[in-house]
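K.L.:
Structure in structure tokens, see below.
The values are calculated or read from the model by the stated rules, or taken from the named source; none is laboratory data. This one's a predicted model, so the numbers in the text were calculated from it and none came from an experiment. Backbone-built Cβ (ideal geometry, glycine too); neighbour counts: all protein chains shown.
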Amino acid sequence: MTNSDGSDSHQGENTSDDQPRRFRPAALIMGTLLGAMAVAAGLLTYAFLNRNTTPLLTRAEYEAAADRWNASGLTDYNLDLLLSGNRPGKIHVEVRDGQATKMERDGVVPSQERTWYYWTVPGMMDTIAEELEMAESPAKSFNTSGASEVIQRAEFDPTYGFPRKYDRVVLGADFETHWEITKFEPLSAKK
């Protein structure tokens, strides 16, 4: 319709082409849901790809591994391991006649030779056995009331019985240790 001055009488009205966009809550909700689903899918994929596949430790498995180690009679060997958790590092140990003769942590020889034993196979096996006992009473063993449970995982070498991987996490406390033997070189056995 035209006014007397020649202007359109619908001038102040918006037509469908020039209407301002309306807020569409359904589109916002859908976009938020799709974004949340994409984030959740990414987190699940990350968790799946980085899950710990090391088997849970049992006393029976530990004892079988200790028997294999003792039966092997290995007294001379070299090993390298990667330590992570609260105190990460790289460790190299050389054992001759059942005694640690050389040990390095991150390329540095620790001054206290008494600590070298803990990174020999018998030393690691002793640590695992001790922590199996400690897991029965975590709060008392780890001296913190927040410690509620100990989760231990281990993978032992099927031939020699040494612990290829060991993980210990104390739930409710910040006590984690993880190690993986990256190289094991047997040199000789008892005769």
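K.L.:
Under the condition of being surrounded by 16 or more Cβ atoms within 10 Å (Cβ to Cβ) and modelled with pLDDT of 90 or more, which residue from the range 39-67 is farthest from residue 126 (Cα to Cα)?
P.N.:
65
K.L.:
When you look at residue 185, is it surrounded by 13 or more Cβ atoms within 10 Å (Cβ to Cβ), modelled with pLDDT of 90 or more and under 22 Å from residue 71 (Cα atoms), yes or no?
P.N.:
no
K.L.:
Does residue 135 count as aliphatic (A, V, I, L, M), touching a Leu at 6+ places or on another chain (Cβ under 7 Å) and closer than 26 Å to residue 55 by Cα?
P.N.:
no
K.L.:
Does the range 118-131 include one or more residues that are touching a residue at least 60 places away in the same chain (Cβ under 8 Å), under 20 Å from the mean Cα position of the chain (by Cα) and surrounded by fewer than 17 Cβ atoms within 10 Å (Cβ to Cβ)?
P.N.:
No - not one qualifying residue is present in the range 118-131.
K.L.:
If I go through the range 70-115 residue by residue, how many of them are over 16 Å from residue 166 (Cα atoms) and not charged (D, E, K, R)?
P.N.:
Count: 23.
K.L.:
Can you find, within the range 90-112, the residue that is nearest to residue 179 (Cα to Cα) among those that are loosely packed, with under 13 Cβ neighbours inside 10 Å and either among the acidic types (Asp, Glu) or touching a Phe, Trp or Tyr at 6+ places or on another chain (Cβ under 6 Å) (or both)?
P.N.:
So, considering only residues that are loosely packed, with under 13 Cβ neighbours inside 10 Å and either among the acidic types (Asp, Glu) or touching a Phe, Trp or Tyr at 6+ places or on another chain (Cβ under 6 Å) (or both), the one nearest to residue 179 (Cα to Cα) is 106.
K.L.:
Moving on to the next point. Conditions: (1) more than 20 Å from residue 72 (Cβ to Cβ); (2) of a type outside the set (S, T, N, Q); (3) touching a strand residue (DSSP E or B) at 6+ places or on another chain (Cβ under 7 Å). Residue 181 meets all but one. Number of the miss?
P.N.:
(1)
K.L.:
Check every one of the strands (runs of 3 or more DSSP E) wholly within the range 80-177 and list those with 1 or more residues that are within 20 Å of residue 61 (Cβ to Cβ).
P.N.:
Passing ranges, in order: 149-156, 163-171.
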